[in-house]
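We did not get these values from a lab; they are worked out from the coordinates using the rules stated. Everything numeric in this text was worked out from a predicted model, so none of it was measured. Cβ atoms come from the backbone with ideal geometry, glycine included; neighbour counts cover every protein chain shown.
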Amino acid sequence: MAPEEPGAPLGHGPFYLGFFGALGALTAFWLGTQVLAIGHILVLIVVALFLAAGLNPAVMWITGLEVRGRRIKRHWALLLVISVVIGVLALFLAAIVPVIGDQIALITAHAPGWLDELQRNRQVQKWNDEFALIEKAKAYIEGGELGKQLFGGVLGFGLAVLSALGNAFVVIVLTLYFLASIDKTKDALYELAPASRRARVRMLGDRIILSVGGYVSGAFVVAVCAGLSSLVFLFVIGLGEYAVALAFTVALLDVIPMIGATIGAVVVTAIGFATDVHIGIACIIFYVIYQQVENYVIYPRVMKRSVDVPGSVTVIAALIGAALLGVVGALLAIPTAAAILLLVREVFIRRQNAV
């Protein structure tokens, strides 16, 4: 007897499709909540990766040097760069942080007097009579109410400081690990690509890492230039007692794209006007001139080999990054946009041209 032919396969009924569809949606939702739960850790990892990419050009430069006719090996270059980073951080914590803390305390102590000076201005006095702005600001500064509002009291402030220090420690450790294993990590990721396209993936990946590293290191150089020039200027015009704290603020804010340098200049200029009108005018003149020099001389020369992003894309990327991740997102937005543009030019546009 001939074997019977198999019948038609059973169709998937509505219950079957609905059950497994709902199960897939629940699984996706659960995975999304888990990603959101570790979102803070993912941000730290991304920041560490960017910093490692920024330090990698220094390692590559050291490995290109020759000592007695021999090139320096990578592990010695890594050891040197890591030692310099740890040493600079240790010096910063030991020497500069106490000075910044003292000067911030001094600025806070003098702030009520500066508010009294502002009150002598007719327009400010008119606003103060209507809204009592000066008295409220004094009460916030002298009574510590501002800190309570921002950090939820003394305990909240302490927890915020501990959390920031813990995050900084995690980022530093991860950065050093990523920097030490960046070549092995790249090779492992490149192995995931098909063998026929692996060479092109490696080329694009190396260009992206080089671009990101150049931007991070370039932004650091530009910020250092802003901080050092501000430090010298503040000592010259007579704000030496606040110079270190204000110069550090300018350097820190200068890293933020678009608005960071302007915010730093406004902070210093406001304190300059509160101290003396002539000092405030000198601050305006200095920062207007310096920002032109930075925008048209320092920044283009430092960044010319790192990123190639149109101005409009830079603004849009920074706005989107700031909306998604705040200051960290704004910092990472430009190199991320440069990497995306590189992929679009090298992959999508080339494919479109080939059709």
What order do you get for S196, S163 when you list them from fewest to most C-beta neighbours inside 10 Å? S196, S163
Under the rule rounded for a/c under 1.5, else prolate if a/b exceeds b/c, else oblate, using alpha carbon gyration tensor axes a ≥ b ≥ c, region 223-324 is classed as prolate
How do D254, D206 rank when sorted from fewest to most other Cβ atoms within 10 Å of their own Cβ? D206, D254
For region 320-335, what does the Karplus curve 6.51 cos²θ - 1.76 cosθ + 1.60, with θ = phi - 60°, yield as ³J(HN,Hα) per residue in whole Hz, taken in order and with x for Gly and Pro? 5, x, 5, 5, 7, 10, x, 4, 4, x, 5, 5, 8, 5, 5, x
Protection proxy (average C-beta count within 10 Å per residue), highest first, orders 288-296, 228-236 as 228-236, 288-296
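Quick check: net charge around A188, other residues with Cβ under 13 Å of its Cβ, Lys/Arg +1 and Asp/Glu -1? Let's see the in-between values first.
Values: positive: K184, K186, R198, R202; negative: D183, D187, E191.
Summing Lys/Arg as +1 and Asp/Glu as -1 gives +1.
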Amide H neighbours of L239 at under 5 Å, excluding residues fewer than 5 places away on the same chain, with H built from the backbone geometry, are none
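Do you know the relative contact order of region 30-86, to the nearest whole percent, from alpha carbon pairs under 8 angstrom that are 6+ apart? Walk me through the numbers before you get to the answer.
Values: 20 pairs, mean separation 13.2, N = 57.
In percent, rounded to a whole number, it is 23.
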If you take the beta carbon distance between Y296 and L23 as r and set R0 to 51 Å, what does 1/(1 + (r/R0)^6) give as a FRET efficiency, to the nearest 0.05? 0.30
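Within region 250-322, report the trypsin sites (Lys or Arg not before Pro) that DSSP leaves as loop and that have at most 15 other Cβ atoms within 10 Å.
Values: sites: R301, K304, R305; in loops: K304, R305.
Hits after loop and neighbour filter: K304, R305.
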